[in-house]
Amino acid sequence: MSYPKEYISFLVHFHGDRDYFECHEILEEYWKKVEPKNRESVWVALILLAVSSYHYRRNNLSGAERTIKKSIDILEKNQEAKQKLSSLGVDDKGFLEILKDHLTRIQTGLPYIGLTFPIISDTLIETCKVKCKELGFKWCDQEYIADDTLVHRHKVRDRTEVIEERLRQKQIKRQR
């Protein structure tokens with residue numbers, strides 16, 4: 001089975017350097033290419049999980065809870081998303097259990113821990129391990145300690161492009 005390179009990159013960051021902000025960016029761009037109108041997509045569920053993990057590690061428990069609930073909701077209510085998850089080499093039932101356990105951890109205020117996808121494809125695991133090694137990450141390293149620039153990435157990213165695009169759009173509206 002061949003997997004989208006963006007998905008592999010998402011998994012590598014999610015389980016390697018645990019850069020959840022990057023995970024969100026990678027999959028959001030991919031989702032916009034393949035299913036931009038589908039807010040019930042498996043890609044949206046995974047994006048929301050990355051956002052939840054980002055918030056949880058920053059101790060923003062309300063943000064973490066809100067986004068993981070949305071992720072769980074998509075996977076519980078959308079059979080197509082669950083089937084897609086299975087076709088992406090993940091045990092969908094086990095994955096939902098892990099997400100619900102993670103939600104309980106968040107709701108009870110337990111400290112952040114990184115979660116691990118129950119990947120059932122040996123080929124996918126091997127591909128991700130190789131990519132992690134190339135990037136200097138260790139696959140599924142629970143001991144990994146993220147530095148502040150990774151934990152608070154939204155505060156240190158360059159938003160020049162976004163700001164310029166917003167200004168450009170305002171100018172276009174004014175010219176109409």
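The values are calculated or read from the model by the stated rules, or taken from the named source; none is laboratory data. Bear in mind that the values here come from a model prediction, so they are computed numbers and not experimental data. Counting neighbours? That spans all protein chains shown, and the Cβs are built from the backbone with ideal geometry, glycine included. When the accessible area is computed, the model is the full protein with side chains, heavy atoms only, and any ligands, DNA or RNA have been set aside. Shrake-Rupley method; radii C 1.70, N 1.55, O 1.52, S 1.80 Å.
Among the residues examined, LYS5 does not qualify as over 17 Å from CYS132 (Cα atoms), open to solvent by 40 Å² or more (accessible area, probe 1.4 Å) and either at pLDDT 95 or above or aliphatic (A, V, I, L, M) (or both).
Residues that are in a helix (DSSP H, G or I) and among the acidic types (Asp, Glu) were ranked within segment 8-30; the one that is surrounded by the fewest Cβ atoms within 10 Å (Cβ to Cβ) is GLU29.
Here the condition is being farther than 25 Å from PHE137 by Cβ and either of a type outside the set (S, T, N, Q) or at pLDDT below 95 (or both); of LEU103, LEU85, it holds for LEU103 alone.
State which residue pairs qualify: first residue polar (S, T, N, Q) and inside segment 57-69, second residue modelled with pLDDT of 95 or more in any location, beta carbons under 6 Å apart, and separation of 6 or more residues or different chains. Final answer for the pair search is THR67/LEU48; THR67/VAL51; THR67/SER52. Looking across segment 110-134, the residues that are outside any loop (DSSP other than H, G, I, E, B) and open to solvent by 70 Å² or more (accessible area, probe 1.4 Å) come down to ASP122, THR123, GLU126, LYS129, VAL130, LYS131, LYS133, GLU134.
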